[in-house]
1. Once each part is reduced to its C-alpha centroid, what is the distance from segment 143-210 to segment 1-78 in angstrom?
2. I need the Debye-formula profile for segment 168-311: one equal scatterer per C-alpha, no solvent, reported as log10 I(q)/I(0) at q = 0.11, 0.15, 0.18, 0.19 1/Å, two decimals.
3. Probe of 1.4 angstrom, ligands and nucleic acids ignored: what's the accessible area per residue over segment 48-125, in square angstrom?
4. Once amide H atoms are placed 1.01 Å from N in the peptide plane, what residues at a sequence separation of 5 or more from residue 125, or on another chain, have their amide H within under 5 Å of its amide H?
5. Based on alpha-carbon atoms only, what is the radius of gyration of the chain relative to the globular estimate 2.2 N^0.38 Å?
6. For segment 279-291, take each phi angle, set θ = phi - 60°, evaluate the Karplus expression 6.51 cos²θ - 1.76 cosθ + 1.60, and give the result in whole Hz per residue in order, putting x for glycine and proline.
7. Could you look at the chain and say what percent of its accessible area is carbon and sulfur, using a 1.4 Å probe and all protein chains?
8. How charged is the neighbourhood of residue 221? Take every other residue with its Cβ under 13 Å from the Cβ of residue 221, and add Lys/Arg as +1 and Asp/Glu as -1.
Amino acid sequence: MELFKIKRDIPFMSYGKLTTFISLVTFIAAVFFLVTKGLNFSVEFTGGTVMEVQYRQSADIDKMRGRLDTLKLGDVQVQALGTNRHIMIRLPNKEGVPSAQLSNNVMNLLKQDNPDVTLRQVEFIGPQVGDELVTNGLLALGMVVAGIIIYLSVRFEWRFAVSAIIANMHDIVIILGCFAFFQWEFSLTVLAGILAVLGYSVNESVVVFDRIRENFRKPQMRNKTVPQIIDNAITATMSRTIITHGSTEAMVLSMLIFGGAALHGFSMALTIGIVFGIYSSVLVASPMLLMFGLSRENLVKPQKQKEEAVV
């Protein structure tokens with residue numbers, strides 16, 4: 001489906017060096033913030049206390065956050081579980097204070113405002129569990145990257161696989177750099193959003209790469225140069241890109257605006273990832289193909305001329 005059709009090819013590859021330079025600068029900046037500031041890991045990674053409390057009537061979550069801030073425990077998370085009657089509270093570890101005492105202090109404070117509040121369950125997450133989550137998260141990220149490399153190498157060619165991985169890693173580092181710069185909390189939901197961005201971004205790269213390979217095999221493209229063929233492929237998929245990513249971004253923005261604190265990290269990671277995923281698939285991965293020396297012979301095997309038998 002096309003809402004509009006561009007008659008002339010947009011010369012994306014003529015700006016390839018400029019976009020590659022911009023990507024390199026943003027990548028270096030993101031790495032700098034990751035090294036200097038680091039990520040603000042949530043309770044799942046650092047360890048802490050997770051409490052689930054229940055009210056007979058709907059509770060005021062903003063008021064609860066304000067009351068809990070008076071305990072000066074640090075970054076305390078309060079979110080509703082379905083309804084405002086069931087609330088989950090995440091408390092970071094505090095030196096010199098046992099986890100049991102932290103939960104008791106929170107319950108005593110909440111009962112001052114509403115004596116009907118009850119504690120449904122409490123979990124204590126140690127630092128060892130957080131280390132295991134970090135290890136498993138990195139393992140999951142590595143397996144996804146390896147799967148993408150194998151898939152693209154089999155379906156296309158090694159130049160496409162390397163270009164797509166560089167573009168995808170660019171997206172991931174940019175997301176992590178944004179979370180490090182603004183010190184947004186990095187939780188398991190954010191990690192899930194990053195893994196989703198990996199698959200989403202590689203899907204856009206596959207669409208563009210498939211059109212590039214198709215263009216190389218078209219007879220009307222035989223007299224075109226490689227940059228012209230890539231420009232035609234990107235322009236031909238432009239309408240699809242706008243429709244797909246526009247609708248997806250609208251949905252993600254609605255989660256970011258109306259989803260509350262529970263979906264903020266996940267939707268923020270997706271919002272940044274979708275924007276940079278489009279950018280990297282078009283203006284990072286495609287120029288990389290030129291840098292790696294993509295040619296017609298890499299995709300189209302030359303036809304062997306049959307020798308006529310001499311009688």
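1. 16 Å
2. For segment 168-311, the Cα-only Debye profile gives -0.52, -0.80, -0.99, -1.06.
3. Details: 4450 Å² over 78 residues.
Here the residues of segment 48-125 average 57 Å² of exposed surface.
4. 48, 49, 50
5. Details: Rg = 25.6 Å, N = 311, 2.2 N^0.38 = 19.5 Å.
Relative to the 2.2 N^0.38 Å estimate, the chain comes out at 1.31.
6. Each residue of segment 279-291 in turn: 4, 5, 5, 8, 10, 10, 5, 5, x, 5, 4, 5, 5 Hz.
7. On the way: 10420 of 17210 Å².
Here carbon and sulfur together make up 61 percent of the probe-accessible area.
8. Working: positive: 211, 213, 217, 218, 222, 224, 296; negative: 9, 214, 231.
So the environment of residue 221 carries a net charge of +4.
The values are calculated or read from the model by the stated rules, or taken from the named source; none is laboratory data. What you see is a predicted model; the values in this text were computed from it and never measured. Cβ coordinates were reconstructed from backbone atoms using ideal geometry, including for glycine residues, and neighbour counts include every protein chain displayed. Quick note on the areas: whole protein, heavy atoms, side chains included, nothing else; ligands and nucleic acids left out. Shrake-Rupley method; radii C 1.70, N 1.55, O 1.52, S 1.80 Å.
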